[in-house]
Amino acid sequence: MFVSAPFQIYYSRWEYFDALYERYGFEINDFVNIHDESEEITKRHITNDVARIRRRLKLKNFESRKQLSVARDACNYYFSEIASDLADDRMGWRPLFKKYRQTFWEGALTYRGA
């Protein structure tokens, strides 16, 4: 709907990769230290990212109302999840950082055997 190329682009969550790699005998090892100075800074970055996405949605620079609707629904789901995670003090700094701030390329796989 958003890309005219002959392929699809999918976003996958860390849980997907954890399950996939575990199935084939790998585990993801985080080797990057948290590069935010505090948990509050991590939360501020996440909040700023949400604000930036909201501003982009308001531009409504989509080719159709359907694109806007799909993007808005997906973002609202994401915003709701973020709000819940930020309010949940049990989540902890490392899982919060990994979920929202760590990129896919900031980790390494270790083979454990199938």
Item to check | Rg/Rh ratio calculated on Cα atoms of the stretch 31-110 (Kirkwood radius) | outcome: 1.05
Item to check | Loop-resident sites, the stretch 46-114, for chymotrypsin sites (Phe, Trp or Tyr not before Pro), counting at most 12 other Cβ within 10 Å (DSSP) | outcome: 104, 105
Checklist outcome for this item: Given a 1.4 Å probe, the accessible area of the stretch 18-114 per residue, as a whole number of Å², is 72 Å²
Checklist entry - Of all accessible surface on the stretch 33-110 at a 1.4 Å probe, what whole percent is carbon and sulfur? => result 52 percent
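The values are calculated or read from the model by the stated rules, or taken from the named source; none is laboratory data. Nothing here was measured: the structure is a model prediction, and the numbers come from that model. No Cβ is skipped: glycine too gets one built from the backbone with ideal geometry, and neighbour counts run over all protein chains shown. Surface areas here come from the heavy atoms of the whole protein model, side chains and all, with no ligands, DNA or RNA. Shrake-Rupley method; radii C 1.70, N 1.55, O 1.52, S 1.80 Å.
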